[in-house]
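Before any comments, here is the structure.
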Amino acid sequence: MARARIEQSGPSVRLSDGALARVVPSRFAGGWELDVDGTPQSHVDLDDPTHLHFEYVARMAAVVDRLRLPGQPLTAVHLGAGALTLPRYIEHTRPGSRQQVIELEPALIGLVREQLPLPRGAQIRVRIGDAREVAERLPAGLTGAADLVISDVFAGARTPSHVTSVEYYGILARLLAPDGVLLVNVADGAGLAFARRQVATVARILQHVIVLAEVQTLKGRRFGNLVIAASGAPLPTEWLPRLMAAGPHPAKVAQGAEIEEFIRGARISTDADATDSPAPAASVFDR
């Protein structure tokens, strides 16, 4: 989720919940943006897939760049499609990667494929259905084989509760290779109560956790996106200077004792008590 309200008209489809999804020219970054009922969901530059306009997407890509050797193909699972920005990025920077995308809305996928075609020959397979339900029934060959799993699921401007629980993250963790990495996009505001629960919940499943965010967002002073990166294996410490240098700036990478302090007192989210992410104020999308 980004921070610019889009007003232009463009090709559109009506989603199952009644929301209107449109592909419109980006006024601020060039390329195109996917807008759902006034919430910018994705940015795509067809001429340069490495042009990542939204800050949290750039931070996710900075982690992806640290996986394996540069240019080496990955096995990736994406929960939530948007305009397929990160699958395009991975295909461009790591040709031959095997990628599975799970998206609830077939009309949205149709719109994106028509208006923002994928590169010819890209090994990006899209499966339609609820992110959690489809993740539970992916082919057995993916169990324990994914180098990367990305959870970026939104219904409008909020993440549904059933994809925020410890049970959900347990499903995703089973897909990971022993040193595979889970990335989660979390949107939250003042106080970061939801984000703290999410980090605590992921940490219950995967021992090694870092959080990347804009400095003021991580301090809970403004609504924004935090990226959780987690693995069952240690995340190499040499990542951190590179992640900081990669930006966007001002950037913060929390680790170790900072994570322990961040989640102190936070309850684990379970299927019994999980909540949707908080709704942002309309002003979040204004410039």
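Summing -39500 (n - 2.57) over the DSSP H runs of n ≥ 4 in the chain and dividing by its residue number, what mean residue ellipticity at 222 nm do you reach, to the nearest 500 deg cm²/dmol?
Details: 9 runs with 76 residues, N = 287.
Dividing the helical sum by the residues of the chain leaves -7500 deg cm²/dmol.
Going by how many other Cβ atoms sit within 10 Å of their own, how do Glu103, Glu260 line up, fewest first? Write out the running numbers ahead of the final one.
On the way: Glu103 22, Glu260 12.
Ranking Glu103, Glu260 by Cβ neighbours within 10 Å, fewest first, gives Glu260, Glu103.
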Here the range 160-165 yields Karplus 3J(HN,Hα) values (6.51, -1.76, 1.60; θ = phi - 60°; whole Hz; Gly and Pro given as x) of x, 4, 6, 10, 10, 9
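Give me Leu226, Leu138, Leu243, Leu20 sorted ascending by neighbouring Cβ count inside 10 Å, so fewest comes first. Show your work: numbers first, answer last.
Working: Leu226 26, Leu138 18, Leu243 23, Leu20 12.
So the ranking, lowest neighbour count to highest, is Leu20, Leu138, Leu243, Leu226.
DSSP loop trypsin sites (Lys or Arg not before Pro) in the range 92-166 with at most 12 other Cβ atoms within 10 Å of their Cβ, which ones? Numbers along the way, then the final one.
Values: sites: Arg98, Arg113, Arg120, Arg125, Arg127, Arg132, Arg137, Arg158; in loops: Arg120, Arg137.
Of the trypsin sites (Lys or Arg not before Pro), the ones in loops of the range 92-166 whose Cβ has at most 12 other Cβ atoms within 10 Å are Arg120, Arg137.
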5 Å is the cut-off here: which amide hydrogens, built 1.01 Å from N in the peptide plane, fall below it relative to Ala81, excluding neighbours closer than 5 in sequence? Leu104
Between Val253 and residues 5 or more places away or on another chain, the pairs with built amide H atoms under 5 Å apart involve none
Kindly put His53, His92, His78 in sequence by how many other C-beta atoms sit within 10 Å of each C-beta, fewest to most. His92, His53, His78
Whole-Hz Karplus ³J(HN,Hα) for the range 235-246, in order, using 6.51 cos²θ - 1.76 cosθ + 1.60 and θ = phi - 60°, x for Gly and Pro? 7, x, 5, 5, 4, 4, x, 5, 5, 5, 5, 5
Rounded Å value of the spacing that divides the Cα centres of the range 81-101 and the range 128-192: 16 Å
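Percent antiparallel among DSSP beta bridges with both residues in the chain, to the nearest 5?
Working: 32 of 51 bridges.
Restricted to the chain, the bridges split so that about 65 percent are antiparallel.
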Once amide H atoms are placed 1.01 Å from N in the peptide plane, what residues at a sequence separation of 5 or more from Gly31, or on another chain, have their amide H within under 5 Å of its amide H? Ser26
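The numbers here are math on the coordinates, done by the rules we state, and not lab data. Note that the structure is predicted; figures quoted are calculated from it, not measured. Note that we place each Cβ from the backbone using ideal geometry, even for glycine, and neighbour counts take in every protein chain shown.
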